[in-house]
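The values are calculated or read from the model by the stated rules, or taken from the named source; none is laboratory data. Owing to the predicted nature of the structure, the values given are computational and were not obtained by experimental measurement. Neighbour counts run over all protein chains shown; Cβ positions are idealised from the backbone, glycine included.
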């Protein structure tokens with residue numbers, strides 16, 4: 001990451017921290033935009049080891065750590081309020097996108113208890 005990219009990232013984090021402190025409703029909207037952009041990034045990088053230039057692509061789950069670090073920078077209240085949702089959304093997306101490249105059968109979330117297969121009879 002170049003110097004300009006680091007400065008832009010620092011500026012975005014500072015803006016998010018200010019919004020979290022002063023305007024929580026705007027922060028929530030901006031945070032959801034950021035989550036969506038990370039989900040797009042996860043979808044683009046899933047299954048890739050190298051980018052177009054031939055340099056190494058960071059592991060998908062590093063995006064989750066980056067998101068949580070950004071949220072931690074925004075303050076304790078924002079972290080407490082959004083960390084679980086952020087972690088769940090991004091890790092689920094990482095698993096879902098990786099499963100598409102490995103074997104889609106390995107990621108089939110079951111949201112309804114009555115649909116779970118009975119494994120005790122096997």
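Looking at the range 76-101, which of its residues are touching a residue at least 24 places away in the same chain (Cβ under 8 Å) and over 19 Å from residue 17 (Cα atoms)?
Correct list: 89, 90, 91, 93, 94, 97, 98, 100, 101.
Since residue 53 meets every condition but one in (1) modelled with pLDDT under 95; (2) part of a helix (DSSP H, G or I), which condition does it not meet?
It fails just one condition, (2).
Say we look at the range 59-99 and pick out the residues that are surrounded by 14 or more Cβ atoms within 10 Å (Cβ to Cβ) and outside any helix (DSSP H, G or I); which of these is modelled with the lowest pLDDT?
If we take residues in the range 59-99 being surrounded by 14 or more Cβ atoms within 10 Å (Cβ to Cβ) and outside any helix (DSSP H, G or I), then 60 is modelled with the lowest pLDDT.
For the range 41-57, what are the residues that are surrounded by 11 or more Cβ atoms within 10 Å (Cβ to Cβ) and either touching a strand residue (DSSP E or B) at 6+ places or on another chain (Cβ under 6 Å) or within 20 Å of residue 99 (Cβ to Cβ) (or both)?
41, 42, 43, 44, 45, 46, 47, 48, 57
Among (1) without any contact (Cβ under 8 Å) to a residue 40 or more places away in the chain; (2) assigned to a loop (DSSP other than H, G, I, E, B); (3) within 19 Å of the chain's Cα centre (by Cα), where does residue 47 come up short?
The single condition residue 47 does not satisfy is (1).
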